[in-house]
Each structure stands twice: as structure tokens, then as C-alpha cells.
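To start, the structure under review is shown below, and the notes come after it.
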Amino acid sequence: MIEYAPLTGKQADYIRRCTDSWLNVAEGGKRAGKNIINLIAYAMILEVHPDKLHLVAGVSLAAAKMNVIDSNGYGLQWLFAGRCREGEYKNRDALFIQTKTGEKIVIIAGGGKANDAARIKGNSYGTVYITEVNECHQSFVQEVFDRTLASSKRQLFFDLNPKPPAHWFYRDVLDYQDLLKERGENPGYNYEHFTLFDNMSIPDDRLKTVLATYDKTSLWYMADIKGKRTAATGRIYTGYTVKDVLISRKDIEDEKFIEFSVGIDVGGTDATVATLTGFTVRYGKVMLLDGYYHKQGKETGYTHDRYAKEIVDKIEEWSKTYRSFLLSARIFAESADKLFRQALANELKRRGFNITVTPSYKKEGIIDRIRLTNILINQGRYKVMGHLKPWIEALENATWDEEERQKGEWARTDDGSYPVDCLDSSEYAVQPFKPRLEV
């Protein structure tokens with residue numbers, strides 16, 4: 001007899017919410033129990049669902065059978081043991097299940113190729129479970145959404161390991177569902193993030209032994225164990241590691257800053273960002289000390305005057321935090337936005353701050369700015385305060401635009417999948433000092 005480990009409160013709550021949710025997503029690290037948790041919930045739904053025809057899928061037919069039908073003794077054929085059989089339905093692999101509400105036919109399919117979408121057309125499905133959904137082809141997943149529109153009780157189940165934030169599944173599916181949920185417009189969206197630490201079948205002593213073999217600052221650990229969406233391929237700042245770059249307030253207590261710089265990137269429908277950078281004695285280190293970040297949209301953008309006021313509020317705060325700030329501070333603001341620079345200069349003057357606002361320096365181009373940051377990181381001279389979460393996310397997830405690379409151009413991915421504006425802002429603050437940094 002199979003012995004089940006107890007469920008955690010988080011796992012039980014996720015399963016409970018599945019009953020009334022149309023979209024159920026279990027994302028996270030490897031060996032987190034995502035597949036088993038979804039199988040328990042999915043079996044409960046199949047037991048009472050009014051529709052007869054359903055679908056389970058994976059990147060391939062074999063993956064779907066292994067992860068959903070068998071699942072090492074925890075799959076549907078075991079959860080419905082004694083009342084199910086494998087067979088074919090209209091020349092498609094299927095599992096036939098006897099339930100409280102009659103026979104259910106669960107078609108099994110692979111979805112990793114563009115033409116796999118054609119194999120599930122012609123049917124309307126009551127429910128769908130796709131394992132490792134972000135490994136499947138985009139056209140297949142889109143077809144799944146369409147094929148469940150006529151369901152008596154539409155319910156989709158997905159599990160996935162993390163991909164880079166720019167992956168199409170986040171961009172086209174989850175990001176939008178998250179946005180609707182934030183607005184209170186998506187009550188049927190059930191998302192939960194699971195990690196290895198949620199898997200009660202792994203004893204604590206064994207877990208400690210296993211984790212001791214990982215570098216906890218590596219992207220490998222961040223993606224596979226902590227289940228974070230990280231860009232592991234095509235990364236720009238390959239020398240970046242948390243342990244070498246992140247600093248705290250305590251770390252800078254004994255540092256002497258000889259100059260301060262503020263870089264400002266003004267967003268249209270993106271973020272407006274100001275980054276405070278401090279340069280230590282002899283320009284030995286570059287430290288991102290604090291920042292202003294506001295993510296706007298078409299309906300939530302501020303006026304130039306409001307951004308100027310809020311950024312000067314931060315400048316006033318910095319002048320009180322760092323005694324030498326007003327003696328050396330310089331501001332480099334978005335060169336393409338003259339109106340903002342004027343609004344900022346007016347606000348500074350009104351508040352009694354004698355700081356010059358200079359257009360950001362872009363003559364050498366973005367590649368030179370990126371190269372400078374990379375050199376400083378690799379030399380151990382680039383530091384970021386731990387509370388600057390959007391800046392850290394940007395450094396971790398910045399990637400080269402693959403389409404541009406194929407054309408022979410080097411460009412940073414700028415599709416809204418990570419806060420790239422933080423990189424622009426910090427570069428505006430640092431680039432003018434390149435000659436003094438002696439890189």
C-alpha cells in the first residue's frame with residue numbers, strides 16, 4: 001500500500017480552492033510536489049464533473065502518461081484504481097474512468113510541437129490538466145483555452161517549473177491573470193508557489209544534506225530549489241552573484257563617499273526611476289544606495305511636475321542621510337525629455353537645492369554602459385543595497401534580445417518582463433564617471 005506524506009496547510013488550501021476555480025496553477029521549484037498536489041485536486045474534480053470528455057497533456061505523449069497517468073504510483077490510474085482502464089478514443093490514447101457522475105473519457109496528448117494543436121481540435125473538453133505547461137508549444141496551450149470554452153464547468157490545471165520572466169507563458173497568460181486578480185476581477189484564478197520545503201515526504205535531515213550540496217547564491221539554486229523565475233541563458237550580467245554584490249546598511253557604515261550621482265530614467269508607459277549612486281574614496285567602488293521607482297501605465301502616469309516633486313522628496317531625504325551629499329551630488333536625467341529636466345530643475349530651485357540637472361550621457365551607446373557595469377561587477381567593485389528589489393531583479397534577469405542577436409545586433413531585452421528602467425537609471429548615474437573609475 002502506498003503511504004502518503006501529510007499535506008501542508010498551503011497545499012491543502014490550494015486543493016480546496018481548486019473546487020471552484022477555473023484556472024489552477026502550481027508553480028515552483030523541482031521536487032516541490034506540484035504534480036501530486038494537482039493530481040489530487042484534478043481527480044476530485046473529475047469525480048463529480050458533469051462533462052464526459054476531458055484532456056491531460058504534457059510536452060509529449062510519453063511525458064503526459066508518465067507524469068499524469070502513472071506519476072510513480074500517484075497518477076490517475078492509481079487514484080482511480082479498480083474503476084479505470086487505458087484504451088483509445090477516436091484513435092487517441094485515453095483513460096476511461098468510472099466516476100460518481102458517470103464514465104469520463106480522458107484523452108492523453110503531447111503538446112510540445114506546433115502541429116500538436118491540430119490533434120486536439122474537433123472536441124470540447126470539460127477540464128484539462130497540462131503538466132510542465134511552459135514546455136508545451138504556445139499554439140497548443142492557446143488551443144486548450146479555446147477548446148474548454150463550452151465546458152459545463154470550465155476548469156484548467158497547470159503545473160510548471162520556473163522559466164525566465166520573458167517567457168511567453170508568463171507574458172501572455174499568467175501576467176494578465178495576475179493583473180486581473182490584483183484588480184479583483186479574477187476570483188476564479190487559483191495560483192500557488194511551491195518549493196522543496198513544502199514537500200513533507202522528504203525528512204528534514206535528508207533535506208539539509210541535499211541542500212548542503214548547492215551554492216545558495218547560484219541561479220541554479222534560485223531556479224530549481226527556490227523556484228524563482230530567473231534568466232539562466234543569454235544573461236548579460238553573468239558575473240553577478242548575490243553574495244558578491246548585495247550589501248546592507250551595516251556594510252556601508254565605514255565607507256567614505258567622495259561623490260554622489262543620481263540617474264533618472266523617465267518612462268512613458270513604463271517605470272520612472274531615480275537611482276542614488278555613491279562613489280567611495282579613489283572611486284574604488286560604485287554603490288547603488290537607494291532609489292525611487294514608480295511603475296505607471298497609460299491611465300496611471302504622473303505629470304512631470306509630480307515626478308519632479310516626488311524625486312526631490314527623495315533627494316531631500318538623501319541630503320539628510322549622507323552628510324556630504326549636497327557638496328558633490330550631480331543629477332543626470334533622461335536626455336530625450338527636456339520638459340522633465342526643466343520641471344526637475346524648477347522644483348530643485350524652489351526647494352533651495354543647488355544641484356545641476358544634466359542630460360544623460362548616451363554618446364557611447366548602451367553597449368558601452370552595459371560593458372562598464374559588467375567590468376565593475378567582475379572586479380567586485382559594484383554593490384547594490386539589499387532593499388533595492390527592482391534593481392536586483394533587473395540585474396538577475398537582464399538578457400540579450402535573441403532576435404536582435406540573430407541579426408548581428410546586441411540589444412537588451414526590453415519587453416516589460418523585468419524592470420529594465422532600473423538598469424537605464426543606474427547606468428545614467430555611473431557612465432559619466434567612467435574615466436575616473438579607471439576600468
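The values are calculated or read from the model by the stated rules, or taken from the named source; none is laboratory data. Everything quoted here is computed from the prediction, not taken from an experiment. Every residue, glycine as well, gets a Cβ built from its backbone with ideal geometry; the counts of neighbours run over all protein chains shown.
Structure notes:
- Ala81 satisfies every condition listed in (1) more than 22 Å from Phe145 (Cα to Cα); (2) in a helix (DSSP H, G or I) except (2).
- Residue pairs meeting the criteria (Cβ under 9 Å; at least 6 apart or on separate chains; first assigned by TED's automatic domain parsing to the domain that holds Ala64 and at pLDDT 95 or above, in region 121-133; second in a loop (DSSP other than H, G, I, E, B) and crowded, with 24+ Cβ neighbours inside 10 Å): Ile130/Gly111; Ile130/Cys136; Val133/Gly111
- Figure legend. Inter-residue proximity from region 352-370: first residues closer than 19 Å to Asp414 by Cβ and assigned by TED's automatic domain parsing to the domain that holds Glu396, second residues at pLDDT below 95 and surrounded by fewer than 16 Cβ atoms within 10 Å (Cβ to Cβ), beta-carbon distance below 7 Å, spacing 6+ or different chains. Indicated pairs: Ser360/Ser335; Lys362/Ser335; Ile367/Trp410.
- Residues that are more than 18 Å from Ile252 (Cβ to Cβ), out of contact with any Asp or Glu (no Cβ under 6 Å at 6 or more places or on another chain), in contact (Cβ under 8 Å) with a residue 12 or more places away in the chain and part of a helix (DSSP H, G or I), drawn from region 310-332: Glu310, Ile311, Ile315, Glu316, Leu326
- Subset of region 135-191 [acidic (Asp, Glu) and outside any loop (DSSP other than H, G, I, E, B)]: Glu135, Glu143, Asp146, Asp159, Asp172, Asp175, Asp178, Glu182
- Residue in region 67-88 that is over 30 Å from the mean Cα position of the chain (by Cα) and among the basic types (Lys, Arg) present: yes
- Filter result for Ile69 (touching an Asp or Glu at 6+ places or on another chain (Cβ under 8 Å), modelled with pLDDT of 95 or more and outside any helix (DSSP H, G or I)): no
- Each residue in region 299-309 was checked for being in contact with a strand residue (DSSP E or B) (Cβ under 9 Å, 6 or more places away or on another chain) and part of a helix (DSSP H, G or I), and 1 pass.
- Number of the exception - Leu174 against (1) more than 30 Å from Leu46 (Cβ to Cβ); (2) assigned by TED's automatic domain parsing to the domain that holds Lys113; (3) within 13 Å of the chain's Cα centre (by Cα): (1)
- Residue among Thr241, Thr303, Thr277 that alone is out of contact with any Cys (no Cβ under 6 Å at 6 or more places or on another chain), among the polar types (S, T, N, Q) and either under 19 Å from Leu327 (Cβ atoms) or at pLDDT 95 or above (or both): Thr277
- Residues of region 249-293 satisfying the condition of being more than 30 Å from Arg306 (Cα to Cα) and not in a strand (DSSP E or B): Lys250, Asp251, Ile252, Glu253, Asp254, Glu255, Lys256, Val281, Arg282, Tyr283, Gly284, Lys285
- Any hit, region 398-412, residues being closer than 23 Å to Lys285 by Cα, touching a residue at least 60 places away in the same chain (Cβ under 8 Å) and surrounded by 18 or more Cβ atoms within 10 Å (Cβ to Cβ): yes
- Single unsatisfied condition, Tyr42 versus (1) touching a residue at least 12 places away in the same chain (Cβ under 8 Å); (2) more than 30 Å from Tyr221 (Cα to Cα): (2)
- Residue list for region 84-116, restricted to those being at pLDDT 95 or above and aliphatic (A, V, I, L, M): Ala94, Leu95, Ile97, Ile105, Val106, Ile107, Ile108, Ala109
- When the residues of region 332-347 are filtered to those that are surrounded by 20 or more Cβ atoms within 10 Å (Cβ to Cβ) and in contact with a helix residue (DSSP H, G or I) (Cβ under 7 Å, 6 or more places away or on another chain), the one that is nearest to Phe433 (Cα to Cα) is Phe332.
- Residues of region 353-379 satisfying the condition of being surrounded by 15 or more Cβ atoms within 10 Å (Cβ to Cβ) and in a loop (DSSP other than H, G, I, E, B): Phe353, Ile355, Ser360, Tyr361, Lys362
- Some residue of region 380-400 being charged (D, E, K, R) and in a loop (DSSP other than H, G, I, E, B): yes
- Candidate set from region 89-103 (those that are more than 21 Å from Glu143 (Cβ to Cβ) and out of contact with any Lys or Arg (no Cβ under 6 Å at 6 or more places or on another chain)); member that is surrounded by the most Cβ atoms within 10 Å (Cβ to Cβ): Thr99
- For region 134-159, the set of residues classified as surrounded by fewer than 23 Cβ atoms within 10 Å (Cβ to Cβ), more than 20 Å from Arg92 (Cβ to Cβ) and touching a residue at least 40 places away in the same chain (Cβ under 8 Å) consists of Glu135, Ser152, Lys153, Arg154, listed by residue number.
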